[in-house]
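I have placed the structure first, in the form of structure tokens, so that the comments after it can refer back to it.
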Amino acid sequence: MITFKPGEIKKSGDMYFIYGDGGTGKTSLSKLFTGKKLLLTFDGSWNALVGTTDTAVMAFGKSDEVTLQRTVDKYLNQYLVNDTFDVIILDNVTALQNFVLENIDGASKDSRQNYQKLQAWFRSLANSLRDSHKTILATAHQIDNGGNGLDGKGRFEADMNQKTFNAFTGPFDVVGRIYKEKGERFIDMDTENGNHAKNRIDDRTLIKAEELLNNEEEKKEEN
């Protein structure tokens, strides 16, 4: 437990969860963040970071599948508690979820218990990320379900089991959908659109992707 006296509350690192179609530049968002970065990729995709000099990459492949939870826990437990990295990036949480579910599937005869274990692991993972007070970026693929009504609201959501998504993203400050329109990339963080979205950092609801951290940079300049 961490306690703060009145007037002595310290800022914690912000947590961002961004989902979208392939090719929308989710991995490239990591370039916006400053400091020493560690990227854990679960789909073997790191080409967008070729040429960078501030990011270490850990790519998990087929040989890691059966021990993935233990391996991820091991390295995060190591790097979340020290100053080796300032920013932790989990790239393609959709793939991570599928690997974890494959490992859990069949552990219980009741499939509901398997999903409960999945949700519990992701909740624990998110809490560990939050407790580190580091800046966190997590990405995921999206599902286009066609919308829940004539207005098209609620059309998009992260490609994750709903309860697992809720368990994981609860501590996150920003949940947004990245998409392309007329050659530009945007991030929708407007809860009223009915998609998975929220922004607890500021009042912005729709931004250009490259402006994701602008508000934080402005705060630094003011201070």
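Some values worked out for this structure:
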read-out	value
Filtered residue count, region 56-67, keeping only those that are surrounded by 15 or more Cβ atoms within 10 Å (Cβ to Cβ) and part of a loop (DSSP other than H, G, I, E, B)	1
Pair list, Cβ < 6 Å and 6+ apart or interchain, from region 69-97 residues that are over 14 Å from Met58 (Cα atoms) and without any contact (Cβ under 8 Å) to a residue 12 or more places away in the chain to residues that are part of a helix (DSSP H, G or I) and open to solvent by 10 Å² or more (accessible area, probe 1.4 Å)	none
Verdict on Asp14 being within 23 Å of Lys198 (Cβ to Cβ) and either modelled with pLDDT of 95 or more or of a type in the set (Gly, Ala, Ser) (or both)	yes
Complete set of residues in region 68-92 that are farther than 19 Å from Leu118 by Cβ and in a loop (DSSP other than H, G, I, E, B)	Leu80, Val81, Asn82, Asp83, Thr84, Phe85, Asp86
Those residues of region 40-55 which are open to solvent by 40 Å² or more (accessible area, probe 1.4 Å) and aliphatic (A, V, I, L, M), in sequence order	Val50
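The values are calculated or read from the model by the stated rules, or taken from the named source; none is laboratory data. Remember, it's a predicted structure, so these values are computed and weren't measured experimentally. Quick reminder, even Gly has a Cβ in these numbers, built from the backbone with ideal geometry, and neighbours come from all protein chains shown. For accessibility, only protein heavy atoms count, side chains too; no ligands or nucleic acids. Shrake-Rupley method; radii C 1.70, N 1.55, O 1.52, S 1.80 Å.
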